[in-house]
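Before any comments, here is the structure.
The values are calculated or read from the model by the stated rules, or taken from the named source; none is laboratory data. All figures in this text were calculated on a predicted structure; none of them were measured in a lab. Virtual Cβ from ideal backbone geometry, glycine too; neighbours counted across all protein chains shown.
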Amino acid sequence: MNRTKLSYWEREQYFTGIDVFIAGSGIVGINAALQLKKRFPSMKIVIGERGVIPTGASTKNAGFACFGSMTELIDDLTRMSEDEVLALVERRFRGLARLRNMVGDANMDLQMLGGYEVFEDSESFKECADRIGEFNEKMKKTIGLSNVYSVADDKITSFGLGNVKHMILNSGEGQINSGAMMSTLISLAKQEGIQFMNGIEIESYSRKGKELEIQTTGGFSFNAANLFICTNGFAKTILPELNVEPARAQVLITKEIPGLKLRGTFHYDKGYYYFRNVGNRVLFGGGRNLNFSGENTVSHELTEQIQQRLDELLKKVILPGTSYEVDMRWAGTMGVGEVKSPIVKEIEPGVYCAVRMGGMGVALGSLVGEEVAAMVR
Ligand SMILES: Cc1cc2nc3c(=O)[nH]c(=O)nc-3n(C[C@H](O)[C@H](O)[C@H](O)COP(=O)(O)OP(=O)(O)OC[C@H]3O[C@@H](n4cnc5c(N)ncnc54)[C@H](O)[C@@H]3O)c2cc1C
């Protein structure tokens, strides 16, 4: 459909005079819009989203409000300097505070039940346990929390876990209802007069004098002074040169399990697997390490290899001896790259991107939205 089929009213209201057009209505895109409105209350902001609802990672994730388990940080230290690792922890922690401030704990059902790291062997546990004091000091300096990490072996039986030898608790972590979080953000944005256009897939943009013309696959085009690309794992379709790759993450959730003992968020096998309770259900995901190259896709199809492994571990480690049924299975797309940090930058005058949240977007999304909004002059 092209412009000539629009009415004058439609053209003026929806397609022109836009100060900032944001591609993608995930946690980053919406937070960017809200922060822009704070800075420039009269701005006309339109968010174009390809799905009927947001269809990226923000509504498909596991809802861990986390900033770093010990094996994750130890692993990061093999690739990044200590300053970089701690700076990322600090950003995640600050991002979570921003999210809580913006959304409100009750509106996303935040529960600070703690985050646990689960160990099947004593060797990797010992490496972490020996460094608890050192890491607690680093956390105290970086985020101001005392005694973040502690051994929590006494909880293994009470959570009903099988084949688990040791656990380390991160007392500063929690869990949210990601659907409620996104729904609240969308309501807040609508209250601020931010326009949402769903079913709009941005294909490309070009410069037309002082403005940008933003083309969509449906044939519509928008004229805007600025464009934000907040499409995370899908960003390469608009900006092929960006260093961001899609990474599929597969998840399942059980039906309600009467008397479920599990409470909290859990990382297993160096974080390649993660599980939590959702009320009396268990949400369980991971297994990308079984086929990294195959999972480098924007497809939301499930694979037998990973789903089978999830089924095995669910039975053996998480719910041994418990009868349960799997209710749903799904997949989402993360944005990852060689470097474990978001790309927040001005691509060219008036065109900005804020992508590559990895598995950290619940924590980082609000802050990254704020950072990209601050770049607009
Ligand atoms: C299964 C899974 C579990 C996860 N678990 C956690 C967790 O527990 N904790 C955590 O912190 N993080 C987790 N993550 C990561 C986290 O969800 C993401 O980092 C975060 O949601 C990214 O937000 P975003 O706004 O950058 O991108 P997205 O939420 O992916 O939003 C991008 C939006 O852009 C839209 N879009 C794409 N292309 C176009 C286009 N061309 N035109 C218009 N719109 C477009 C998409 O439909 C989407 O709505 C998980 C991710 C997955 C997939």
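Numbers below:
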| item | result |
| --- | --- |
| First in the range 74-92 and outside the structural domain of L145 (by TED's automatic domain parsing), second anywhere and assigned to a helix (DSSP H, G or I) and of a type in the set (V, I, T), Cβ under 7 Å, 6 or more apart | D76/V85; L77/V85; L86/T142; V89/T142; V89/I143; E90/T142; E90/I143 |
| Filter result for the condition that a residue is of a type outside the set (D, E, K, R), more than 29 Å from I30 (Cα to Cα), surrounded by fewer than 18 Cβ atoms within 10 Å (Cβ to Cβ) and over 27 Å from the mean Cα position of the chain (by Cα), over S146, S81, S158, S150 | S158 |
| One residue from E312, E295, E301 being surrounded by 14 or more Cβ atoms within 10 Å (Cβ to Cβ), modelled with pLDDT of 95 or more and over 27 Å from A87 (Cβ atoms) | E295 |
| All positions within the range 116-158 that are in contact (Cβ under 8 Å) with a residue 24 or more places away in the chain, under 24 Å from R276 (Cα atoms) and not in a helix (DSSP H, G or I) | Y116, E117, V118, F119, E120, D121, L145, N147, V148, Y149, A152 |
| G51 within 15 Å of the ligand (Cβ to nearest atom) and in contact with a Pro (Cβ under 8 Å, 6 or more places away or on another chain) | no |
| Selection from the range 69-86 of residues that are in a loop (DSSP other than H, G, I, E, B) and not β-branched (V, I, T) | S69, L77, R79, M80, S81 |
| Matching strands (runs of 3 or more DSSP E) fully within the range 234-295 where at least 3 residues are of a type in the set (A, V, I, L, M, F, W, C) | 245-254, 281-286 |
| Residues (in a loop (DSSP other than H, G, I, E, B) and near the ligand (Cβ under 6 Å from one of its atoms)) located in the range 54-65 | P54, T55, G56, A57, S58, K60, N61, A62, G63 |
| From L169, L161, residue being closer than 30 Å to G115 by Cβ, in a loop (DSSP other than H, G, I, E, B) and either assigned by TED's automatic domain parsing to the domain that holds L290 or within 16 Å of the ligand (Cβ to nearest atom) (or both) | L161 |
